[in-house]
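One structure is given below, encoded as structure tokens.
The values are calculated or read from the model by the stated rules, or taken from the named source; none is laboratory data. Only a predicted model underlies this, so the values are computations on that prediction, with no experimental measurement involved. Glycine gets a Cβ as well: all are built from the backbone with ideal geometry, and neighbour counts include every protein chain shown. Surface areas here come from the heavy atoms of the whole protein model, side chains and all, with no ligands, DNA or RNA. Shrake-Rupley method; radii C 1.70, N 1.55, O 1.52, S 1.80 Å.
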Amino acid sequence: MPIYIYWGEDDFKMEKAIANLRDEVLDASWSSFNYTTFSPDYPNAAIEALNQAMTPPFGSGGRLVWLMNTNIAQQSDKTVLSELQRTLPVIPDNSYLLITSPSKPDERLKTTKLLKEFAQIREFGLTSPFKTDLLKQDVNDAAKSLGIKITSSCADFLVEAIGNDTRLLYNELQKLQLYVQGSNQALDVEKASQLVQNSTQNSLQLAGAIRMGDTAKALSLVADLMSAYEPSLRIVATLIGQFRTWLWVRIMMETGERDPKAIASAAEIRNHFRIKYLQQEIRFLSAQQLISCLPILLELEVNLKQGSPQTLTLQTKVIELCQICQKSRQ
């Protein structure tokens, strides 16, 4: 009765792991009979998935039942708990149950505690954009898996260009794979930069330029992001998230809090070691300045959703944000 729980925000890595699991469990000739998925909008999805997992597979190979994007490990449900207690111990050995969710299982719940007794749990979290050493390792691992040799400086360039977007990393590496096909030489920055656009001349760098009040650099980054076809709403989402994080850190600092763990908890930051870097970034900004930025960002989001011209709208609001942040340096 193999049971798997996959959770995390890195959709690409999770998709690869799910594809590998399908290949391991299913016989291709019988997959149409033995592979079932239950989406979140399916009525009583959790109950139906458990019932399906109880059915032995047809023909050769195993059965795979995938309960997609479920919240059974995040919300308490007595009916689901009862069904789990009844079903999990007796699922056939050749029937596999896969449970996926973007959110971490809540270990306080009885359902989660029960699932942990039977399930293998794997996290597919995005590497923090601030952990450049881990991102570089991800780049090197991905390049190795595709049979591409890259120099250390090329790996650094790819980290800067791509950030923690795993799907984009593999897309760009597959492009480079075609370029170096048949060559044993390591790919250098000069060649890689001809094929990979520096799209992480990115929203985080844009947030940093705004924070510094550097209007010229911020507008240049907006132009780069637009030319790289970066979705405008994704840019805004990153900016809003970054400014909210900075605001929480500043508020905690101004209330006299010095414990990095307490600040990290309030700002919903997993790694409290990031706090000292965030404090350094906003040392010239007040809480009021950061508060003043949020309505502009939210108005920007609304305008884009209502169909305003992307580039012009972004440029206008970026100038407003830079003007607010410039006041601390005048």
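Evaluated over region 1-150, the count of Lys pairs having alpha-carbon atoms less than 28 Å apart is 26 (only pairs 8 or more residues apart or interchain). Extension gain for the segment Glu24 to Lys175, taken as residue separation times 0.36 nm less the Cα-Cα distance, is 51.5 nm to one decimal.
The ellipsoid that matches the Cα gyration tensor of region 156-235 has semi-axes, each √(5λ) in whole angstrom, of 28, 13, 10, with the longest given first. Ligands, DNA and RNA left out, the accessible area of the chain computed with a 1.4 Å probe is 49% carbon and sulfur.
Can you tell me the mean projection area, over all orientations, of the convex hull of region 256-330's alpha carbons? Units nm², please. List each step's numbers first, then the result.
On the way: hull surface 25.1 nm².
Mean orientational projected area (region 256-330, Cα hull): 6.3 nm².
For the chain, complete DSSP H runs whose alpha carbons reach 30 Å or more along their own long axis and whose mean Kyte-Doolittle score is -1.0 or higher are 232-254.
The simple spin-label model puts a point 7 Å past each Cα toward its Cβ; for Glu107 and Gln194 those points are separated by 5.1 nm.
Projecting the alpha carbon convex hull of region 199-325 along each direction and taking the average yields 7.2 nm².
In terms of the mean number of neighbouring beta-carbon atoms within 10 Å, the peptides 91-97, 231-237 order highest first as 91-97, 231-237.
Short to long, the 5 Å bins of the Cα pair-distance histogram for region 3-123 hold 2, 12, 22, 26, 21, 12, 4, 1, 0 percent of all pairs. A straight chain from Ala216 to Ser292 at 0.36 nm per residue would run longer than the Cα-Cα distance by 25.3 nm. A DSSP coil position with no more than 14 other Cβ atoms inside 10 Å describes the following chymotrypsin sites (Phe, Trp or Tyr not before Pro) in region 168-272: Tyr229.
Between Ala223 and Ser308, the FRET efficiency from the beta-carbon distance, with R0 = 22 Å, is close to 0.80. The value of relative contact order for the chain, using C-alpha pairs under 8 Å at least six residues apart, is 15 percent.
Averaging the Cα positions of each part gives two centres, and for region 199-229 and region 255-330 these lie 14 Å apart.
Any idea what the relative contact order of region 3-123 is, in percent, if you count C-alpha pairs under 8 Å spaced at least 6 apart? Numbers along the way, then the final one.
Working: 208 pairs, mean separation 45.7, N = 121.
It comes to 38 percent, rounded to a whole number.
With both labels modelled 7 Å from their Cα along Cα-to-Cβ, the Glu15 to Ser31 distance reads 1.5 nm.
How much length is gained if the chain between Lys276 and Arg122 is pulled fully straight, taking 0.36 nm per residue apart and subtracting their Cα-Cα distance, in nm to one decimal?
Numbers: separation 154, 0.36 × 154 = 55.44 nm, distance 2.98 nm.
Gain on stretching Lys276 to Arg122: 52.5 nm.
Per residue, the accessible area of the chain comes to 53 Å², computed with a 1.4 Å probe over protein heavy atoms only. Here the chain is treated with +1 on each Lys and Arg Cβ and -1 on each Asp and Glu Cβ, and its dipole about the Cα centre works out to around 700 debye. With one equal scatterer per alpha carbon and no solvent term, the Debye-computed log10 I(q)/I(0) for region 58-180 at 0.10, 0.18 1/Å reads -0.52, -0.91. Ignoring GluC sites (Glu not before Pro) that are buried or in helix or strand per DSSP, and keeping those with at most 10 other beta carbon atoms within 10 Å, what is the longest stretch of the chain between them? Between the exposed loop sites, the longest stretch runs 108-267.
I need the Kirkwood Rh of region 121-195: take the reciprocal of the average 1/r across all distinct C-alpha pairs and report it in angstrom. Mind dumping the intermediate values first?
Values: mean 1/r = 0.0800 Å⁻¹.
Its Kirkwood hydrodynamic radius stands at 12.5 Å.
Seen from every direction in turn and averaged, the convex hull around the alpha carbons of the chain projects onto 21.1 nm². Close lysine pairs were tallied over region 199-325: pairs 8 or more places apart or on different chains with Cα atoms under 30 Å apart number 6.
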